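Engineer: Let me begin by handing over the structure; questions about it come next.
The values are calculated or read from the model by the stated rules, or taken from the named source; none is laboratory data. Just so it is clear, the structure is predicted and the values come from calculations on it, not from any experiment. Ideal geometry is used to build each Cβ from the backbone, glycine not excepted, and the neighbour counts take in all protein chains shown.
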Amino acid sequence: MSVRVRFAPSPTGHLHVGGARTALYNYLFARAHGGTFVLRIEDTDAARSTEESLGGILDGMRWLGLQWDEGPEAGGAHGPYFQAERRDRYHAHAQALREAGRAYPCWCTAEELEARRQEQVARNEAPRYDGRCRTLDEATRRRFEAEGRPSALRFALPPAGEVAWDDIVRGRVAWQSEVLDEFVILRSDGFPTYNFACVVDDHEMAITHVIRGDDHISNTPRQILLYQAFGWDTPLFAHVPMILGADGTRLSKRHGATSVGAWRELGFIPEAMINFLALLGWSYDGQRELFSLADLEQLFRLERVGSNPAVFDTQKLEWVNGQHLKLLPEPERVARVEAFLAHRGYDLTSRPAEWRATLVRAIGDRLKTLADAETYGAFALRDTLETDPQAWADVLGRAEAGPRLARLADRLAADAEFSLASLETALRGLASELDVKAGDLIAPARVALTGRKVSPGIFEVMWLLGRERTLARLRDASARWAAETSGVA
């Protein structure tokens, strides 16, 4: 069998991390089996579907490196790949079901259905359609049609029985068909419902494996019944576990960023997102945690996806991201930082290549996300310095900190070379002359130059700032110290 899988997002919002994981598992399964990965857009909800959402989904897929073999922009022999362009196909198949006695028109209004639902709830019954339009006599049907009453089309359930399948992830799953109601397949506006369009599309696109979140399990028995009504082969199903937040509830906006685009804006790189998403339910050997996309294409197996919910651990994602940043060659890491900072409004094109590389090198292992370059590099990226109040209070509590900063400024002003080596020589030489530890100079200088107690190495900080800004900040801090410790300010 030639494997064919699909990812079918709705363009009504951003590419959610749960959807991205589903896309990833489908992509990896196709690549591992030499199969085809199809991208299909389920845009039948015309009121909520937007071009902006579609663009965000496609951009997110490309950013993650999940290139589809068939679908929008790629084309293919099984198109169209937008459901809104397939309405004639749904109507033709719906008519075939009606002619076979497996579907019937329903003229019940939304108000009537809601009133009956409320009555069922009051009787402690499970709300479901009572099937009354299925038993209408022919004269009544003709009268309703002649009056032009709008109608939906419902699926006629077969006699009660078991609907079961062998799920690749969850094992055998069985439902009793009597718990299902006779669901709508075409709405009164002519648009298909999810379950009906999904089955028609998967059949016509020759999908062999349906890999999706386990929130779709309740849809599966309905879809299997539709396959059986048409006499079509049923694909194999794999329902992957739900993604939870740290509090054990379903991942939502209250847990923070939930879309791929939002994590990208926060400075995460695609290699790390792919690696992390793969581990939300799948493991290789229980030990190894770092994988490239190429690794995953070779190693991924659906049989190693567990059925227990996966927890979206932000700290784990940050660790994975930091590891992948370390794995990048330095020129590539610098380029990623430059691109991120440019997106944040910092123009580094006038800076020499060595300056940009030194900035990234100086941040070192603190670079867990690309955003850390802005956080730890703000002292050099911005002309206006923001000083942490607690850090400045520490400087005020140091005896002779102001005069020592002024002496350091004078010593550095005389350093013609102003290199990393000469700056270190100058600072340590001054500390020796003052008979203090180098740290007694470095600590207040760090706050004066960066506004923080924690920063890249002090000599890299000075070099990145350059002579003019370094001297100005040291002298400003010295003057402020003097003013505040004397009670003038």
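Engineer: Among the candidates A160, A206, single out the residue that is in contact with a strand residue (DSSP E or B) (Cβ under 8 Å, 6 or more places away or on another chain), modelled with pLDDT under 90 and either closer than 29 Å to L39 by Cα or not polar (S, T, N, Q) (or both).
Structural biologist: Every option except A160 fails the conditions.
Engineer: Which of (1) at positive phi; (2) of a type in the set (D, E); (3) part of a helix (DSSP H, G or I) is the odd one out, the single condition E52 does not satisfy?
Structural biologist: (1)
Engineer: Here's something else I'd like to know. Only residues that are surrounded by fewer than 24 Cβ atoms within 10 Å (Cβ to Cβ) and either not assigned by TED's automatic domain parsing to the domain that holds L296 or not in a loop (DSSP other than H, G, I, E, B) (or both): list them for region 31-43, please.
Structural biologist: R31, A32, T36, F37, I41
Engineer: Would you pick out the residues in region 175-194 that are of a type outside the set (S, T, N, Q) and under 29 Å from the mean Cα position of the chain (by Cα)?
Structural biologist: Result: P192, Y194.
Engineer: Could you tell me whether A197 is modelled with pLDDT of 95 or more, closer than 24 Å to P150 by Cα and under 30 Å from the mean Cα position of the chain (by Cα)?
Structural biologist: Considered against the rule, which asks whether it is modelled with pLDDT of 95 or more, closer than 24 Å to P150 by Cα and under 30 Å from the mean Cα position of the chain (by Cα), A197 comes out as yes.
Engineer: Taking region 265-307 only, how many residues are of a type outside the set (S, T, N, Q) and not in a loop (DSSP other than H, G, I, E, B)?
Structural biologist: Within region 265-307, residues that are of a type outside the set (S, T, N, Q) and not in a loop (DSSP other than H, G, I, E, B) number 20.
Engineer: For residues that are among the aliphatic types (A, V, I, L, M) and within 18 Å of the chain's Cα centre (by Cα), scanning just region 212-253, find the one that is nearest to G306 (Cα to Cα).
Structural biologist: Applying the filter and picking the extreme gives V240.
Engineer: Then there is this: Which residues, taken from region 353-385, are under 19 Å from G451 (Cβ atoms), of a type outside the set (A, V, I, L, M) and in contact with a Lys or Arg (Cβ under 9 Å, 6 or more places away or on another chain)?
Structural biologist: Hits for region 353-385 are D372, E374, T375, Y376, F379, D383.
Engineer: While we're here: Within region 186-199, how many residues are surrounded by 22 or more Cβ atoms within 10 Å (Cβ to Cβ) and not small (G, A, S)?
Structural biologist: Residues in region 186-199 being surrounded by 22 or more Cβ atoms within 10 Å (Cβ to Cβ) and not small (G, A, S): 5 in total.
Engineer: Does A448 qualify as being crowded, with 19+ Cβ neighbours inside 10 Å, touching a Lys or Arg at 6+ places or on another chain (Cβ under 8 Å) and of a type in the set (G, A, S)?
Structural biologist: yes
Engineer: Does region 366-378 include one or more residues that are surrounded by 12 or more Cβ atoms within 10 Å (Cβ to Cβ), more than 26 Å from G261 (Cβ to Cβ) and more than 21 Å from the chain's Cα centre (by Cα)?
Structural biologist: no
Engineer: Take R212 and tell me if it is over 28 Å from K326 (Cβ atoms) and either surrounded by fewer than 21 Cβ atoms within 10 Å (Cβ to Cβ) or in contact with a His (Cβ under 8 Å, 6 or more places away or on another chain) (or both).
Structural biologist: Criteria met by R212.
Engineer: Which of (1) without any contact (Cβ under 8 Å) to a residue 60 or more places away in the chain; (2) over 26 Å from F7 (Cα atoms) does L157 not meet, given it meets every other one?
Structural biologist: The failed condition is (1).
Engineer: For residues that are in contact (Cβ under 8 Å) with a residue 60 or more places away in the chain and touching a Lys or Arg at 6+ places or on another chain (Cβ under 7 Å), scanning just region 282-338, find the one that is surrounded by the most Cβ atoms within 10 Å (Cβ to Cβ).
Structural biologist: Result: W282.
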